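The values are calculated or read from the model by the stated rules, or taken from the named source; none is laboratory data. Everything numeric in this text was worked out from a predicted model, so none of it was measured. As a convention, Cβ positions derive from the backbone with ideal geometry for all residues, glycine included, and neighbour counts pool all protein chains shown. Note: areas computed on protein heavy atoms with side chains; ligands, DNA, RNA excluded. Shrake-Rupley method; radii C 1.70, N 1.55, O 1.52, S 1.80 Å.
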Amino acid sequence: MEHLRNRPGLRRPGPGRFEKGDAVTRILVTGGAGTIGTAVVRRLLRDGDHTVRVSDQRTAPRWMRDTCEVHTGDLRDLAEARSALASCSSVIHLAAIVGGIANFHKLPHTLTEVNNGLYNSIMRAALDVSVDRFVYVSSSMVFERAKVFPTPEDYLPDCPVPRSAYGYSKLTGEVYCRAAHAEHGLPYTICRPFNAYGPGEMPENEPGIAHAVPDLLRKAMSGDAPMEIFGSGRQTRTLTHVDDIADGIVTALESPAGLNEDFNISASEELTVSEIARICWIAAGNDPERFALERVPSFEVDVQRRWPSVEKARRLLGWEAQISVHDGVAQTAAWLRTRRPDEKAVAAAPTVRAVPDSRSSVAESGVQDIVNS
């Protein structure tokens, strides 16, 4: 049954789910079975005003299959992209090849090739059906070489171009949006999540494949000290819970003020990696007095400071993050405790093997949603 369920095509939920008629808008969420994607789908369903269609090559969880339309297929194929977008008024584009810091150093060509292929087909299909809004979920990595803090959206034209292939590929998606708007009138909104974390992503055995919080929680839950971290620990991050990110994305989609604008979708508290490690250590139930760090060499691209301005989202959208880092990490730790060591959550971001044919790689592991933000 799982094999049949993953065949390309569009499947609709059982009868009786949608009864509001043609007035209900249909929104496509690409990468909707991923970590942020799952949170976005839940947020859209909470409104009750939308029919939600999910496009993902991974198996959607039962609740998603019961409440959403589910499309399965390679969205780099224009015919599949058109099928996914048929009758949709808006699209939230999350599908991408991503991962933790180690993953995007291992797969620079794969993620560039796949992400660009997705831009080509999804934006062309969106133009074909004249969507009301194309929401592109970009990444804080477009600001990986920022010199201005907190970093505002209007700094982007002056910000040095990203060195990492991942950051460059996400910036490329922003250029695609603006180019499609300039030439064809594509109505767009760009959302840049910062340092997403929360229930949904399982840690990996190899450090750096998963993202910072699940990786650090895995180490903290072992109770072994010192905890290993990459680099000096003085690097800063602005952790933003996936539920806050989902709320920001949907708010930007639904707001007239979000049309043809870009937004940093983020919390506002800047923390060092050392501070984040300590929060994870305590959330795992360890004695704070035993907390200690072991610093190991980091990767070629390890952003030293990541702290966005959130004033624009507050001013234009009336939106700001609500979940504190301490509460969010504690919630994530509690969620991880419910998982068996060998269980991979539906919203996990598995490693994509680097193979000569990246199309085969995507077919094996599924196009991921963006969680590296």
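Listing for the model above:
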quantity: Matching residues, the stretch 254-276, being assigned to a helix (DSSP H, G or I) and surrounded by fewer than 24 Cβ atoms within 10 Å (Cβ to Cβ); calculated: E254, P256, A257, V273, S274, E275, I276
quantity: From the options G233, G285, G248, residue that is open to solvent by less than 20 Å² (accessible area, probe 1.4 Å) and assigned to a loop (DSSP other than H, G, I, E, B); calculated: G233
quantity: Of all residues in the stretch 7-50 being of a type in the set (S, T, N, Q) and under 17 Å from G200 (Cβ atoms), the one that is modelled with the lowest pLDDT; calculated: T35
quantity: Hits in the stretch 218-266 - residues which are polar (S, T, N, Q) and free of Cβ contacts under 8 Å to residues at least 60 places away in the same chain; calculated: S222
quantity: Elements of type helices (runs of 4 or more DSSP H) contained in the stretch 74-160, each with 2 or more residues being within 24 Å of E183 (Cβ to Cβ) and over 22 Å from the mean Cα position of the chain (by Cα); calculated: 78-85, 108-128
quantity: Members of the stretch 197-209 that are surrounded by 18 or more Cβ atoms within 10 Å (Cβ to Cβ) and assigned to a loop (DSSP other than H, G, I, E, B); calculated: G198, P199, G200, E201, M202, P203, E204, P207, G208, I209
quantity: Leading residue by the ranking (nearest to the chain's Cα centre (by Cα)) among those in the stretch 288-297 that are part of a loop (DSSP other than H, G, I, E, B) and surrounded by fewer than 16 Cβ atoms within 10 Å (Cβ to Cβ); calculated: P297
quantity: Search result, residues across the stretch 298-330 that are closer than 19 Å to H211 by Cβ and out of contact with any helix residue (DSSP H, G or I) (no Cβ under 9 Å at 6 or more places or on another chain); calculated: Q304, R305, W307, S324, D327
quantity: Sole exception among (1) hydrophobic (A, V, I, L, M, F, W, C); (2) buried (at least 21 other Cβ atoms within 10 Å of the Cβ); (3) under 14 Å from P308 (Cα atoms) for F134, by number; calculated: (3)
quantity: Residue that is modelled with the lowest pLDDT [pool: residues in the stretch 161-196 that are open to solvent by 40 Å² or more (accessible area, probe 1.4 Å) and outside any helix (DSSP H, G or I)]; calculated: R163
quantity: Test result for D243, assigned to a helix (DSSP H, G or I), closer than 22 Å to E320 by Cβ and either open to solvent by 10 Å² or more (accessible area, probe 1.4 Å) or not small (G, A, S) (or both); calculated: yes
quantity: Matching residues in the stretch 147-173 - criterion: being among the aromatic types (F, W, Y) and touching a Gly at 6+ places or on another chain (Cβ under 9 Å); calculated: Y166
